[in-house]
1. Using a 10 Å cut-off on Cβ to Cβ distances, tally the other chain neighbours for every residue of B:175-183 and report the average as a whole number.
2. Please rank A:57, B:248, B:287, fewest neighbouring Cβ atoms within 10 Å first, as an exposure proxy.
3. Take peptide B:294-305, look around each residue's Cβ out to 10 angstrom, count Cβ atoms belonging to other protein chains, and average those counts.
4. Do the sum for chain B: with -39,500 (n - 2.57) for every DSSP H run of n ≥ 4, divided by all residues, what is the mean residue ellipticity at 222 nm, to the nearest 500 deg cm²/dmol?
5. Order the peptides A:110-119, A:256-265 from the highest to the lowest mean number of other Cβ atoms within 10 Å of their residues.
6. Jot down the radius of gyration and Dmax of the stretch B:197-413, Cα atoms only, both in angstrom.
7. In whole Hz and in residue order, list the ³J(HN,Hα) couplings for the stretch B:390-405 that follow from phi through the Karplus curve 6.51 cos²θ - 1.76 cosθ + 1.60, θ = phi - 60°; x for Gly and Pro.
8. What is the spin-label model distance, in nm, from residue A:161 to residue B:125 if the labels are put 7 Å beyond Cα along the C-beta direction?
Amino acid sequence: MAASMEGLEIQPEISNNYKSDSLLRLAGRRFFRQRSALIGMIILGTLIFVAIFASQIAPYDPNQVLIDIEDITQRQDPCIHLLGCPKDQAQHIMGIDGNFRDEFSRVIHGTRVSLFIGFTTVGLAIVAGTLIGAVSGYAGGWVDNIIMRLMDVILAFPSFLLAIAIITVLGRGLQNALYAIAIVYTPQFARVVRASVLSVKEKEFVSASRALGAGSFRLLFIRILPNAIAPLIVTGTLGIASAILEAAALSFLGLGAQPPLSEWGTMLGTDRNQVFSAPHLVFYPGISIMITVLAFNLLGDGLRDALDPRLANKASK
Amino acid sequence: MRKSTLLKLLTFGLLLSLMLVACGNGDETEAAATTAPDEGDGEEFVGTSVSAESCDYGGKILSIEAVDELTVVFTLCSPDPAFPGKAAFTPFGILPAEFIAATGGTGDILEQPVGTGPYMVSDWVRGESVTYTRFDDYWGDAPAAETVVLRWNAESAARLLELQAGTADMVTLVSKDDFQAIEDDPNLQLIPVPNPNIFYIGFTNTFAPWDNVDVRRAVGMGIDRQRIVDNFYPPGSEVASHFTPCSIPNGCAGDEWYEFDLEAANALLDDAGFPRDENGVRFTTSIYFRDVVRVYLPQAPIVAVEIQTQLLENLGIDAEVVEMESGEFITESGNGRLDGLHLLGWGADYPHVTNFLDFHFGRIGTQFGDSYPDVYEQLEAGAQIGDEAAAQSIYEAANNAIRELLPMVPIAHGTAADAALASLGGAYTPPFGATQFMYLDPGDDTLVYVQNAEPIGLWCADMTDGESLRPCQQVVETLLEYGQDSGEVHGELATSCTSNDDGSVWTCALRSGVLFHDGSSFDANDVVASWAVGLDMANPSHVGSTGDFFYFGYLWDSFINAED
């Protein structure tokens with residue numbers, strides 16, 4: 001992924017704004033021409049809507065235990081009135097979990113948690129990776145060598161195992177899982193940014209700025225970075241999908257989100273042994289993870305195709 | 001010269017005759033020792049022993065002596081009516097003295113122990129299975145299956161799947177949600193696990209606020225235990241009225257546990273100086289647990305969240321649920337290093353009240369912080385009385401003291417079930433000890449048994465977890481054994497163990513004609529060696545895989561030659 005991004009370059013920021021707008025408009029047009037990307041965007045939009053309005057959509061508090069409140073049983077099957085469930089029975093469209101809580105409400109609130117995890121981890125990784133990659137690419141020489149070899153060392157570890165190792169040191173919990181995933185993802189972004197910076201810093205407009213007396217800080221952060229950041233959008237979008245998957249896997253193992261937080265991976269892990277007796281408790285969190293990851297992947301692929309002129313040309317042929 | 005030579009020969013002959021006569025007219029023990037060859041090589045039997053210098057070391061065993069080839073005498077420092085029950089426990093299995101010495105307490109003894117049991121370990125593929133082969137010279141009835149394959153899987157659903165697929169004959173601990181499906185399946189049978197047990201919430205009184213008995217009492221009154229049992233335990237489980245189940249004599253002596261009383265519980269917390277803040281929270285704490293399936297706690301994460309919910313809703317205690325790795329959890333909780341509540345339980349090792357109370361509330365216990373003299377002094381007195389009726393008043397006082405001081409809150413006595421193919425003959429799970437593979441008849445040559453986890457080691461003496469004790473119990477036998485359906489103790493390698501009047505000296509008569517898997521004969525010295533290696537810390541073979549020899553220290557109070 002990162003390799004294909006390295007060749008990507010965006011026209012420099014120039015005073016002729018209409019040209020820049022045209023490029024953006026062109027990319028936008030290319031993006032909206034792709035059905036899969038549109039589907040991804042629609043799903044993601046829906047997920048974001050669900051996450052924002054989770055409290056309004058969910059019929060119950062995700063942590064509310066319904067023992068002595070409703071006549072239900074542990075891990076009760078879904079009850080949907082429209083599908084023939086008796087009207088005198090409380091409706092729980094995704095059933096009841098092991099702690100007598102409404103599964104649908106927990107899945108809905110889980111959307112909020114999962115999106116938060118995805119955006120936060122990738123956000124942290126992008127910030128750290130951008131700084132590291134920019135400094136490395138701009139400084140070059142031994143600074144670049146040391147930083148990139150360090151990134152290579154991190155990349156040499158299987159990312160999930162490295163995340164587990166970091167959590168072992170930091171301790172269990174969602175916050176530490178976020179840090180662990182962010183650390184694991186940082187080198188990817190650092191490499192992408194470094195490659196872009198290496199390319200952009202040789203451009204004429206950078207040389208011109210330097211000739212006009214711009215300092216290193218201004219050159220790097222005002223001239224180079226804004227023009228090297230585009231590949232990050234694609235890598236970041238795809239990275240969110242992976243981050244959500246890894247966070248769910250960590251929570252499944254009991255290393256990430258802790259009870260009673262309604263996180264999909266935790267929900268899967270808690271009821272993994274009920275796969276035969278109460279499959280709905282595994283199915284709904286699982287399918288939620290799948291849909292979310294799919295949405296980010298479709299969107300990421302669409303963005304890549306839209307922002308990469310070479311792919312766009314191929315597509316138009 | 002010839003005369004003097006003849007005289008010498010006559011003198012030598014006379015002395016030899018006198019020696020033989022002396023041996024023949026000696027006491028009965030010596031006679032047995034001299035006439036019975038050791039290990040079949042014609043040598044005289046020389047009994048060995050292990051002993052402490054005195055009872056000052058704090059342990060219960062003063063000496064173990066092989067008085068003849070088939071008699072062992074255990075001399076205790078104080079009467080112990082529970083001796084037979086303890087001696088039947090798997091860690092006290094008997095191995096050949098020579099084998100123990102040859103291994104030095106490590107190596108083969110950890111993975112391929114030699115015993116007298118119906119099965120021999122033929123192969124242990126780490127991470128996969130342990131394979132047993134039938135021991136053809138076994139002294140008892142021959143096992144039905146020629147080969148046994150022991151496998152493991154941590155997930156109950158996966159174990160059940162193995163059974164349904166027919167790739168296993170019997171599996172341990174199925175989920176309570178699967179009980180009905182198993183009972184409805186004509187190809188399967190559900191096998192209740194009748195092991196007496198207790199699940200409790202423990203406090204460590206060296207951490208605030210659990211150093212305040214009123215706070216502990218508030219939790220004791222403010223948790224709806226009936227709700228937990230009704231909703232999270234299999235049918236047949238019951239709310240604990242006492243720490244020890246009532247099926248154990250004197251377990252239920254004394255007053256029953258507190259009724260669920262929210263008003264009183266909250267008043268206690270108010271008076272103890274823990275008012276609610278604007279969010280209704282009095283203080284924060286942690287609930288520590290491990291995610292393993294046990295008879296006393298079949299759904300640990302679920303019950304942990306339920307207790308978390310009840311603490312917040314009922315008492316305003318905001319608790320974080322903290323899952324710990326099993327080994328770390330046992331170590332930390334056992335040493336009293338957990339600053340919050342810990343969810344733990346106990347399954348009976350042997351059918352005596354001391355197994356429940358003395359381990360948890362004894363003088364040297366650290367699990368609940370500083371031990372409680374009002375409790376352990378009663379327990380020390382009770383442990384020396386063999387007559388259950390005579391000990392009742394003492395255990396009443398002990399149980400009432402536990403109720404007053406609340407080192408923990410007893411929640412439930414759980415039930416659980418194993419499952420087997422309907423075609424498996426003799427399928428059972430005993431109340432004490434583990435299922436003996438020799439009684440299971442798969443109808444063909446190979447029995448496949450799937451348990452929760454891989455054994456840590458197969459030398460029972462140094463093991464504590466059920467997943468290790470079960471596999472080594474198939475290989476190594478004890479002096480006594482528990483019944484298949486009760487806690488009644490009867491002879492295994494000993495035909496009997498009888499005591500003197502006060503229960504301080506136990507004499508065990510051993511079974512003759514028993515062979516070990518290596519072909520050597522079983523005798524009293526093997527008993528001494530097998531006990532000495534665990535009990536005596538100075539024994540050169542006191543090594544093991546963990547080196548803890550936990551049950552020797554715990555059931556007999558201390559080790560001989562213990563390091564400071």
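1. 3
2. Starting with the residue having the fewest Cβ neighbours, the order is A:57, B:248, B:287.
3. The per-residue average across the peptide is 3.
4. Using -39500 (n - 2.57) per qualifying helix, the result is -9000 deg cm²/dmol.
5. A:256-265, A:110-119
6. Just the Cα atoms of the stretch B:197-413 yield Rg and Dmax of 16.5, 57 Å.
7. Taking θ as phi minus 60°, the curve returns 5, 7, 4, 5, 5, 6, 4, 5, 5, 5, 5, 5, 5, 5, 6, 8 Hz for the stretch B:390-405.
8. It works out to 2.3 nm between the two label points.
Laboratory data are not the source of any read-out in this text; all were calculated from the coordinates shown. Values in this document were obtained by computation on a predicted structure and should not be read as measured data. In this analysis, Cβ positions are derived from the backbone assuming ideal geometry, glycine residues included, and neighbour counts consider all displayed protein chains.
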